[in-house]
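Before I ask anything, here is the structure I am working with.
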Amino acid sequence: MTRSICVIPIEFQDQSLIKSLRRYLAQTFEVQVDIRNKKIDTARAYDQYRNQYHSSDLLKQLIDDPPDKGACKILGLCKFDLFIPIFTYVFGEAQLNGLGALVSTHRLESEFYGGHEDHELLKERLIKEANHELGHTFGLVHCKNAGCVMNFSTYVEDIDEKNILFCNECTAIIKQKR
């Protein structure tokens with residue numbers, strides 16, 4: 001039974017985003033959400049040829065020595081441009097039915113695409129991606145419901161088009177596993 005979600009900022013300084021995410025996750029998953037610090041060796045995950053960070057390496061470091069095995073989920077939060085070898089980039093990564101998830105704001109920021117800073121849009125995108133990646137830790141796969149937050153997102157526009165919430169079917173699965 002999941003009793004809490006531990007959010008671990010990785011060189012992430014935006015306290016207003018962290019606080020908003022904490023409130024939203026607590027409400028959505030109906031669990032306690034704690035902000036914890038953990039030393040992560042980001043240099044180990046950096047790939048100089050791609051100028052990106054290998055998300056699987058960061059995720060592995062996040063879940064090593066968890067604070068409360070089985071009773072919590074861990075969500076890492078960073079601003080790094082993430083990749084896995086088979087994709088040019090990823091917004092995040094998670095363990096299916098596992099302990100950990102990771103989300104980056106790097107490609108969620110409007111400025112990345114040449115737009116103006118939009119803190120509210122960034123917050124909405126972050127919450128959607130955090131829900132999505134944590135959904136995987138609860139066993140959810142990509143949902144075919146286009147409006148569901150578990151729908152697959154290749155581009156940031158896909159994130160913008162989907163809902164911030166889980167569909168009824170995905171919500172039922174999470175409630176069973178919570």
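The values are calculated or read from the model by the stated rules, or taken from the named source; none is laboratory data. Quick caveat: nothing in here was measured; it's all calculated off a predicted structure. We place every Cβ from the backbone using ideal geometry, glycine too, and count neighbours over all the protein chains shown.
Taking the range 43-102 only, how many residues are within 18 Å of residue 142 (Cβ to Cβ), touching a residue at least 24 places away in the same chain (Cβ under 8 Å) and of a type in the set (Val, Ile, Thr)?
Of the residues in the range 43-102, 2 are within 18 Å of residue 142 (Cβ to Cβ), touching a residue at least 24 places away in the same chain (Cβ under 8 Å) and of a type in the set (Val, Ile, Thr).
Does any residue of the range 53-70 turn out to be hydrophobic (A, V, I, L, M, F, W, C), out of contact with any strand residue (DSSP E or B) (no Cβ under 6 Å at 6 or more places or on another chain) and at negative phi?
To start, the set of residues in the range 53-70 that are hydrophobic (A, V, I, L, M, F, W, C) comprises 58-59, 62-63.
Applying the additional criterion that residues be out of contact with any strand residue (DSSP E or B) (no Cβ under 6 Å at 6 or more places or on another chain) yields none.
The answer is no, given that none of the residues of the range 53-70 is hydrophobic (A, V, I, L, M, F, W, C), out of contact with any strand residue (DSSP E or B) (no Cβ under 6 Å at 6 or more places or on another chain) and at negative phi.
Taking the residues in the range 165-176 that are surrounded by 13 or more Cβ atoms within 10 Å (Cβ to Cβ) and either touching a residue at least 60 places away in the same chain (Cβ under 8 Å) or not β-branched (Val, Ile, Thr) (or both) as candidates, determine which candidate is nearest to residue 30 (Cα to Cα).
Going residue by residue through the range 165-176, those that are surrounded by 13 or more Cβ atoms within 10 Å (Cβ to Cβ) are 165-167, 169-171, 173-174.
Now drop any that are not either touching a residue at least 60 places away in the same chain (Cβ under 8 Å) or not β-branched (Val, Ile, Thr) (or both), which leaves 165-167, 169-170, 174.
Details: 165: 14, 166: 14, 167: 16, 169: 17, 170: 15, 174: 11 Å.
Looking at the filtered set, the residue picked out is 174.
Could you tell me which residue of the range 130-157 is farthest from residue 87 (Cα to Cα), considering only residues that are outside any loop (DSSP other than H, G, I, E, B) and β-branched (Val, Ile, Thr)? Outline the logic, then answer.
As a first pass, look at the range 130-157 and keep what is outside any loop (DSSP other than H, G, I, E, B): 130-137, 156-157.
From the residues that got through so far, the ones that are β-branched (Val, Ile, Thr) too are 137, 156.
Numbers: 137: 21, 156: 15 Å.
Going through the qualifying residues, I end up with 137.
Any chance you could count how many residues in the range 52-85 are modelled with pLDDT of 95 or more, among the aliphatic types (A, V, I, L, M) and surrounded by fewer than 17 Cβ atoms within 10 Å (Cβ to Cβ)?
Qualifying residue count for the region: 1.
Among the strands (runs of 3 or more DSSP E) confined wholly to the range 1-105, which include 1 or more residues that are closer than 30 Å to residue 168 by Cα and in contact with a Cys (Cβ under 6 Å, 6 or more places away or on another chain)?
Details: elements: 4-9, 32-35, 52-54, 72-78, 82-84, 87-90, 92-94, 100-104.
In the range 1-105, 4-9, 32-35, 72-78, 100-104 are the strands (runs of 3 or more DSSP E) which contain 1 or more residues that are closer than 30 Å to residue 168 by Cα and in contact with a Cys (Cβ under 6 Å, 6 or more places away or on another chain).
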